[in-house]
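Worksheet: one structure, shown below.
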Amino acid sequence: MLKQIGIAQNRVDGPMKVTGEAAYAADRRPGGQLYALAVRSPVAAGTITRIETAAAKSVAGIVAIYTHANAPAALDWHADPAVMALSGEGLGRQALEAAEPEAPPPYLPMTGPDIVFAGQWIAVVVATSLEAAREASLLVKPIIEPHEASVEIDARNDRFLEPGFFFAADMQVQRGAWPDTAAKQQIVSETYRTPMQNHHPMEPSATVAVWDGDAVTVFDSTQGVMATREYVARSLKLPLDKVRVISAFVGGGFGGKNQTWPHQALAAHIARALGRPVRLQLTRADMAVASGHRSQTEQDVALQAASDGSLTALRHVSRVPTSLHGNFFEPSGLNSLMLYEAAALGVRHHVVRKAFATPTPFRAPGETPGSFAVESAVDELAHALAQNPLDLRQRYIPSRDHYHDRDWSSNNLLECYRRGAEAFGWPEGVIVPRARRDGHELIGVGMATTAYPAPALPAIVRLRLRVEGKLQVETSATDIGTGMYTILAQTVADELSLPVEAIEVRLGDSNFPHAPTAGRSKSTASLLPAAQHAARALLQRLAAAVREPLSELSNVALQDRLKAAGLAELEAEGSSTGLQVGQQVSFYSFGAHFIEVRVDEALGRVSVTRVVSALDCGRIVNPKTATSQIRGGIIFGIGMALMEDAAFHPTRARMINDNLADYAIPVNADIPEIDVIFVGEPDNRFNELGVRGLGEIGVPGTAAAIANAVFAATGQRVRNLPITPSAIVRGGE
Amino acid sequence: MHNTPPSMTVTATVNGQPVAITVDVRRTLLDLLREDLGLTGTKKGCDHGQCGACTVFVDGRRVLSCLKLAVTTSGQAVTTVEGLGTPDVLHPLQEAFMRYDAFQCGYCTSGQLMSALAVVADESLTTRDQIREAMSGNLCRCGAYQGIVEAIIEVKARSHAAGSEDATPDAIV
């Protein structure tokens, strides 16, 4: 019986977090620790002629300075393609292979004289104190012969690559012929642009490497300890069992800690060479270039509909950059394939190499920028048809997964529309722009659909019942703020009829059983079934030990039984299989955002004043942590819509706002109360509990709902994000 | 040529305990707390006074410890999150932060709590919008802002009802 699942339980790791006892990577302070700090290239392209280090070496407390001149030999530090393929540089390589059979040479900092993006690490100083490292880093003088560099996308003149399959979807889908532009057809055909965004989790990535003989322990800030262990071990040319990665608490990731990046291995290489523990924490400026970002996008969307609104054609063409050496690009068309059925469907992606650092997944990669374009275009179509946008979207509810030709396991999007609209007070009839005013502010409402896949990967959870102390739950999964500690405790508590307080969850250690990286909203559906199986296996083992049938155990204290069997402790593991290849149905989550904005046209100020989001994410394990996850996703969407924009110098191709003063993210005063409604229908064809992950679904659609609300308020359609005051003021002229 | 950087002795009170420690004059209060005293509850989010993760109390006022040189702390009383409460005996704000899920990853939480303490104590801040504004120097990328405001409103109401000392630790007043 479910007693704990579905309860708004406080986070079980809460006491550690509110008292400062939770130890994040840089909080580990091994004795004799050295501090490493990177020196960044001031130019975006060039060749390093030499690097002067004499002045830096004279700083008291400096222990070592590494550049491309000495790092390969001193640290055994090389751009081995097999290792690079495991890193963030390798993600997307298979998709680009069709268009570009020969991969560009892999990039690893300090392995050669070439500069391929501004901010690239060209040296690392190591010192006995932070102050000495900082002083030395300022005295390292690179002599660089600069080259031309471009970070501008030129739709006409750039050479674009046409990638193949990415995220299990064809990046070049063409079905049906574009219909003749007959009479009685409404057409929307526009170009939408989304900005480059930095993840900027509050915790800058950090790695503390501590060697003990021929084995190393890496305290790291990562979303995946197993993937990090493999990357670090392969880089060090060590067997996996010689590397332990611990990431018990992670100060946010959002994708920036999903892949592996050079610093994670570099700290271990330096610690090995110097024979002392090393901490390498990225600066805030490093966070803008050394652990990925979401690239900007340019998207052409064309919709064609009959006069009743039925969709006859959809074209969605994305132009997106990747770096000169990496491979990841935004798969912006994913939700167009899943959400909209049209006889003529063209969803294409064009990728161009530019002098950026390599982009990487960022909370709902692809779906987030793609949803801005398509959900804006659907709103434009509704206005062109003189229909209420909600009515039009109800017409477009996908009856099945047309792209994969499969039924949905469960789809309650209609219920999301109904309950969201009711709670929000969504208006009926045609929405007339500029119709509502309060003093000097115009008021408008907008909505958009969101959707996100529900994947699952194999995972293992181990339970340990002990005569004394709490029952232990162990798995290598990380809790990056998601609530994984808590929902695992709730799941095991229900299976064993225990209170949550009787359970201790231990996460983020590569010595614990295998779990996938936290990302792409897969952890809940991967881990919870494994935890259920582990609990059942534990009961069976206990029954066998005490030679009593299972049924009689239910109301008897587990620890008493363990004592009766003469055992100090008893372990059991359970596993989940993840999604099977050749699945018969498609697993997806759906939702709808309803947003009100107020626009002061004189100041160009847009305020989000009300948000109601209704979501279909299966059974909700913990309404408290789940609501927080969705709110957080929506706030990322608000940031994207109104302020986030990694900006580059027009001629130097260098990011000019790689800090939290100039790169604006939402602050408390920007965020209204956000009402989250879960439809809560269990998806029992997905797993026994009917649970799906929900880490990303709050983001897609939010920016479009805001832009649509701005249109309703002002009559101005903003197709380039972010919607800055200057965009509003210019439009009002 | 290795020149030893100038150092000075800081004599201060940290979480009620007297501290005397000789540090590099360039050391920030944040690094003194974290590296010298092992009080790692206070976090480094930007090191430039832009994020609020390092907020502590100095002589009863909230201060960004990454912007304060450690040597300027002599004669002052510092309170960090470790001085607020323990997992077994939580401060009312810590307890309210848990109940309202006022954090996710937890990295900004210490700074949010110290800022919230000031906002609770500031009787001129009474409305939700004022509290939001007064908390806007503390960034939270997870987006736990709503819970933070709810927690502050509740503790403000309770401390108002019980007399203002109730919600502030002795070291702050």
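FYI, it's all coordinate maths here, none of it is from the lab. Remember, predicted model here, so these are calculated numbers, not experimental data. No Cβ is skipped: glycine too gets one built from the backbone with ideal geometry, and neighbour counts run over all protein chains shown.
Output the peptides A:64-73, A:36-45, A:476-485 sorted from most to least packed, where packing is the average of other Cβ atoms within 10 Å over each peptide's residues. Provide the component values of the computation, followed by the final result.
On the way: A:64-73: 19.4, A:36-45: 22.9, A:476-485: 28.8.
Peptide ranking by packing, descending: A:476-485, A:36-45, A:64-73.
Between the stretch A:396-457 and the stretch A:618-682, what is the C-alpha centre distance in whole Å?
Each part reduced to its Cα centre gives a spacing of 19 Å.
Note down the magnitude of the dipole of chain A about its Cα centre, charges +1 on Lys and Arg C-beta and -1 on Asp and Glu C-beta and zero elsewhere, to the nearest 20 debye.
It comes to approximately 780 debye.
Out of every Cα-Cα pair in the stretch B:92-167, what percent are more than 13 Å apart? Each step should come with its number before you reach the end.
Values: 1691 of 2850 pairs.
That tail contains 59 percent of the Cα-Cα pairs.
In a GNM of chain B with a 10 Å cut-off on Cα contacts, which of B:12, B:20, B:121 has the highest mean-square fluctuation?
B:20
Would you list, by chain and number, the aspartates and glutamates whose Cα falls below 14 Å from the Cα of residue A:141, excluding same-chain residues fewer than 8 positions away?
Output for residue A:141: A:52.
Given 0.36 nm per residue, what is the gain on full extension from residue A:720 to residue A:405 after removing their alpha carbon distance, in nm?
Between residue A:720 and residue A:405, full extension yields an extra 110.0 nm.
To check you understand DSSP bridge types, tell me what percent of the beta bridges within the protein assembly as shown (both residues inside) are antiparallel, rounded to 5.
Given both bridge residues lie in the protein assembly as shown, the antiparallel proportion sits at roughly 75 percent.
Please go through the stretch A:509-618 and write out the chymotrypsin sites (Phe, Trp or Tyr not before Pro) that DSSP classes as loop and that have at most 15 other C-beta atoms within 10 Å.
Of the chymotrypsin sites (Phe, Trp or Tyr not before Pro), not one in the loops of the stretch A:509-618 has a Cβ with at most 15 other Cβ atoms within 10 Å.
Which of the aspartates and glutamates could a cross-linker bridge to residue A:522, judged by Cα under 17 Å and excluding same-chain residues fewer than eight apart?
Counting by Cα, and skipping residues close in sequence, residue A:522 has these aspartates and glutamates nearby: A:367, A:479, A:616, A:683, A:688, A:696.
For the stretch B:7-83, with only Lys/Arg (+1) and Asp/Glu (-1) charged at the beta-carbon, what is the dipole magnitude about the Cα centre, in debye rounded to 20?
200 debye
Run the quick spin-label model on residue B:61 and residue A:138: label points 7 Å from Cα toward the beta carbon, then report their separation in nm to one decimal.
2.6 nm
Using the scaling law 2.2 N^0.38 Å as the reference, what is the normalised Cα Rg of the stretch A:355-511?
With N residues counted in the stretch A:355-511, Rg over 2.2 N^0.38 Å equals 1.54.
Can you tell me the 0 to 90 degree angle between the C-alpha axis of helix B:109-121 and the longest principal axis of chain B, rounded to 10?
60 degrees
Cut-off is 10 Å between beta-carbons; in what order do A:522, A:563 appear when sorted fewest neighbours first?
Exposure proxy ranking, most exposed first: A:563, A:522.
At what distance in angstrom do the alpha carbon centres of the stretch A:125-173 and the stretch A:465-505 lie from each other?
41 Å
At a Förster distance of 56 Å, what's the computed FRET efficiency of residue A:114 paired with residue A:681, Cβ-Cβ distance as r, to 0.05? Walk me through the numbers before you get to the answer.
Values: r = 54 Å, r/R0 = 0.97.
Calculated transfer efficiency: 0.55.
On alpha carbon coordinates alone, what is the Rg over Rh value for the stretch A:592-676, Rh being the Kirkwood radius?
Here Rg/Rh amounts to 1.08.
Pairs A:57/A:354; B:43/B:68; A:3/B:43: which are spaced more than 26 Å apart, C-alpha to C-alpha?
A:57/A:354; A:3/B:43
Under 12 Å between alpha carbons, and skipping anything fewer than 8 positions from residue B:44 in its own chain: which aspartates and glutamates qualify?
By straight Cα distance, residue B:44 reaches A:27, A:203, B:31, B:35.
Rounded to two decimals, what is the ratio between the C-alpha radius of gyration of the stretch A:590-733 and 2.2 N^0.38 Å?
Expressed relative to 2.2 N^0.38 Å, the Cα Rg reads 1.20.
Helices from chain A with mean Kyte-Doolittle at least 0.0 and a Cα length along the axis of 15 Å or more, per DSSP H: which?
Working: long enough: A:225-236 (16 Å, 0.20); A:262-274 (18 Å, 0.39); A:367-384 (24 Å, 0.04); A:413-424 (16 Å, -0.10); A:484-496 (18 Å, 0.66); A:523-546 (34 Å, 0.68); A:623-642 (28 Å, 0.64); A:702-714 (18 Å, 1.48).
Membrane-span-like by this rule: A:225-236, A:262-274, A:367-384, A:484-496, A:523-546, A:623-642, A:702-714.
Would you work out which of B:40, B:22, B:56 lies farthest towards the positive end of the dipole of the stretch B:7-83? Charges go on Cβ: Lys and Arg +1, Asp and Glu -1.
So the residue we want is B:56.
Which FRET efficiency value, to the nearest 0.05, is calculated for residue A:551 and residue A:497 with the Förster distance at 22 angstrom and r the Cβ-Cβ distance? Write down the numbers at each step before the final one.
Working: r = 12 Å, r/R0 = 0.57.
FRET efficiency, residue A:551 to residue A:497: 0.95.
Over the stretch A:296-442, how many percent of alpha carbon pairs lie in each 5 Å bin up to the one with the longest distance?
Result, from short to long distances: 2, 8, 15, 17, 18, 15, 11, 7, 5, 2, 0 percent.
Determine which residues of the stretch A:411-454 fall in the zone a paramagnetic label at residue A:583 would reach in this model, i.e. backbone nitrogen under 20 Å from the point 7 Å along Cα→Cβ.
Within reach of a label on residue A:583, which here means backbone N under 20 Å from a point 7 Å along Cα→Cβ, the stretch A:411-454 contributes A:411-414, A:450-454.
For residue A:423 and residue A:177, FRET efficiency with R0 = 45 Å and r from the beta-carbon atoms, rounded to 0.05?
Here the calculated transfer efficiency is 0.60.
Go ahead and collect, in residue order, the members of the stretch A:122-162 whose backbone nitrogen is under 13 Å from a label point 7 Å along the Cα-Cβ direction of residue A:54.
Zone members listed by number: A:141.
Could you work out the Kirkwood radius for the stretch B:14-117, taking every pair of different alpha carbons, averaging 1/r and inverting it, reported in Å?
Taking the inverse mean of 1/r over all distinct Cα pairs, the stretch B:14-117 comes out at 13.8 Å.
Over all directions, how big on average is the projection of the convex hull of the alpha-carbon atoms in the stretch A:122-268, in square nanometres?
The directionally averaged projection comes out at 16.0 nm².
Using only the Cα atoms of chain A, what do you get for the radius of gyration and for Dmax, in Å?
Cα only, chain A: 26.5, 84 Å (Rg, Dmax).
Nearest 20 debye, what's the magnitude of the dipole of the stretch A:223-293 about its Cα centre given +1 on Lys and Arg Cβ and -1 on Asp and Glu Cβ?
Charge dipole of the stretch A:223-293: 220 debye, to the nearest 20.
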